[in-house]
1. Taking the criterion of being part of a strand (DSSP E or B) and aliphatic (A, V, I, L, M), would at least one residue in the range B:59-66 satisfy it?
2. Among the residues of the range B:68-87, is there at least one that is within 14 Å of chain A (Cβ to nearest Cβ), surrounded by 17 or more Cβ atoms within 10 Å (Cβ to Cβ) and outside any helix (DSSP H, G or I)?
3. Does the range B:73-80 contain any residue that is out of contact with any Lys or Arg (no Cβ under 9 Å at 6 or more places or on another chain), in contact (Cβ under 8 Å) with a residue 12 or more places away in the chain and closer than 30 Å to B:Thr251 by Cα?
4. Residues to consider are A:Leu164, A:Leu168, A:Leu246; find the one that is free of Cβ contacts under 8 Å to residues at least 60 places away in the same chain and under 21 Å from A:Ala53 (Cα atoms).
5. Scan the range B:106-151 for residues that are of a type outside the set (A, V, I, L, M, F, W, C) and closer than 21 Å to A:Asn130 by Cβ and jot them down.
6. Assuming A:Asn227 fulfils every condition listed in (1) over 17 Å from A:Phe18 (Cβ atoms); (2) surrounded by 16 or more Cβ atoms within 10 Å (Cβ to Cβ); (3) among the polar types (S, T, N, Q) apart from one, which condition is it?
7. If I filter the range B:43-58 for residues that are assigned to a strand (DSSP E or B) and farther than 20 Å from B:Gln95 by Cα, do I get at least one hit?
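Nothing in this text is a laboratory measurement; each read-out follows from the coordinates by a stated rule. Model, not experiment: these values are computed from the prediction. Every residue, glycine among them, receives a Cβ derived from its backbone with ideal geometry; neighbour counts consider all protein chains shown.
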Amino acid sequence: MLDRMKVYFFETGQMSLFGWRFIKEFLLPPYELKELLRQCYLIGNKSLGLVGATGFIMGIVLTLQTRPTLVEFGAESWIPSMVGIAIVREIGPVLTALICAGKIGSGIGAELASMKVTEQIDAMEVSGTNPFKYLVITRVTACIIMLPVLVVFSDIISLSGSALVEFLKGKVTFQLYISNVFTYLQFSDLIPSITKAFFFGFAIGIVGCYKGFTSKKGTEGVGRTANSAVVISSMLVFVLDFIAVLITDIFYDL
Amino acid sequence: MKPGVTIDFNKPVIEIEDLWKSFGTNHVLKGFNLTLHQGENIAVMGKSGSGKSVLIKCIIGLLTIDKGKLTVLGRSVPEINHKELDELRTDVGFQFQGSALYDSMTVRENLEFPLRRHREKLKGIPVNDLVVESLENVGLAHAVDMMPEELSGGMKKRVALARTLIMRPKIILYDEPTSGLDPVTGKEISLLINEIQERFQTAAIVITHDLGCAKITSDRMIILHDGINYTESTYSELNQSTDEPVKAFFT
């Protein structure tokens, strides 16, 4: 038990140092812009389908589930604003981050672990390229940039799904639905949501890269790395979300 | 000495004295010594886990040594900073055991990769010319736009060698260049190592388990046993040895 605790704290410390190294080296040259753009494309564009599909379903499900209760109380007109706030403040960022933790976090972890096993990272170092700059900084930065974009995209698709249900069941037009959503949804609701997404992106990128960079046990380790990258980054998403909600709550109280 | 090869015994390019390297309580190298001369190929043989790959990773600076003297092209590897080490690495090529080609890049991009940071060394020569020339040197000019997954094991080794050659190194470190290859392809790679030595006058350390490769490529052989250079001589002399640890490699 004591040994496991020691390993846990050691790992947490190492991961924090890894994150700190990213912060320190982030602005230092050389800049790998081409690789950063490639990673943005891979992380952003290739996640659009999955994020869009889950967002759309979530919008539909949320509206269908809340509708009967609100109809019973005669509060049908509250559905757009309620669903809008729930999606933008909470469900959109967390759902998108969890999907990205699964898809991007595991992908980065497995890719880097495989590169380590096949000595590609050593080959990079031998050829005079800093692997941390080329592999880690580009991937984590791409996650930080693309997560908020994906969250906004997911929010829009979720609201579209919700609007579709309202159109079919409540005969509410799309324009009226959007107008209702923005009656209650403030710009200040978007700021914590986007800020959260930046931190989610950072956590997913750092965990994936750290796990890949420190992968052991050959090819067997690649699978383990992908698995633990998903588990740890998903857990971190919830922890960060909890902290973000606490901080946001303080601001709402002011 | 092999025909067409000139070894300058007055010009050591790698000097190792009393090199020690441990991983925890596992003492891998325990006072290893070696001198590699300009234009010379040395084959290092030893059991699995005897520290052969550790040795060349120390030479290229991928691993730090615990104790001893390690000089490459007149520069003490443990004492130079990261920038100097990067510069030194442009003169020392490293051929990885599994080729270590970047999976996500084409052959051309793999070859261009080392030039990104060290273009000044070959300033004035168009990148495309360098890529084509390097691939022609290993007989794979037609593979320039292929992906690593489309290449056979032997082709991967050749492309990795082309990637090493593109920087025009003075020393090449080969980590098991024929491992995982059939005897015919293995022999082709061994002959290619000799061809490179002859054409570019490079010095090389060839880490190998393959007796055929050692026989073809080596001007001198070292048996690494129990963390030290147990014995060293030419292939033919070691082949006649009656010493048990040496005989074990040749029977």
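1. At the first step, the residues of the range B:59-66 found to be part of a strand (DSSP E or B) are none.
Checked the range B:59-66: no residue is part of a strand (DSSP E or B) and aliphatic (A, V, I, L, M).
2. Yes: the range B:68-87 contains one or more residues that are within 14 Å of chain A (Cβ to nearest Cβ), surrounded by 17 or more Cβ atoms within 10 Å (Cβ to Cβ) and outside any helix (DSSP H, G or I).
3. No, the range B:73-80 contains no residue that is out of contact with any Lys or Arg (no Cβ under 9 Å at 6 or more places or on another chain), in contact (Cβ under 8 Å) with a residue 12 or more places away in the chain and closer than 30 Å to B:Thr251 by Cα.
4. Values: A:Leu164 fails: free of Cβ contacts under 8 Å to residues at least 60 places away in the same chain; A:Leu246 fails: under 21 Å from A:Ala53 (Cα atoms).
Of the residues listed, the single one that is free of Cβ contacts under 8 Å to residues at least 60 places away in the same chain and under 21 Å from A:Ala53 (Cα atoms) is A:Leu168.
5. Keep residues of the range B:106-151 that are of a type outside the set (A, V, I, L, M, F, W, C), which gives B:106, B:108-110, B:112, B:114, B:116-121, B:123-124, B:126, B:128-129, B:133-134, B:136-137, B:139, B:142, B:145, B:148-150.
Correct list: B:Glu109, B:Asn110, B:Glu112, B:Pro114, B:Arg116, B:Arg117, B:His118, B:Arg119, B:Glu120, B:Lys121.
6. All conditions pass for A:Asn227, except number (2).
7. Going through the range B:43-58, the residues assigned to a strand (DSSP E or B) turn out to be B:43-46.
Pick out the ones that are also farther than 20 Å from B:Gln95 by Cα and you get none.
Taking every residue of the range B:43-58 in turn, none turns out to be assigned to a strand (DSSP E or B) and farther than 20 Å from B:Gln95 by Cα.
Residue by residue, here is whether (1) crowded, with 18+ Cβ neighbours inside 10 Å; (2) within 14 Å of chain B (Cβ to nearest Cβ) holds:
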site	(1), (2)
A:Tyr41	no, yes
A:Gly44	yes, no
A:Leu50	no, no
A:Met58	yes, no
A:Thr63	yes, no
A:Leu70	no, no
A:Ile99	yes, no
A:Ile121	yes, yes
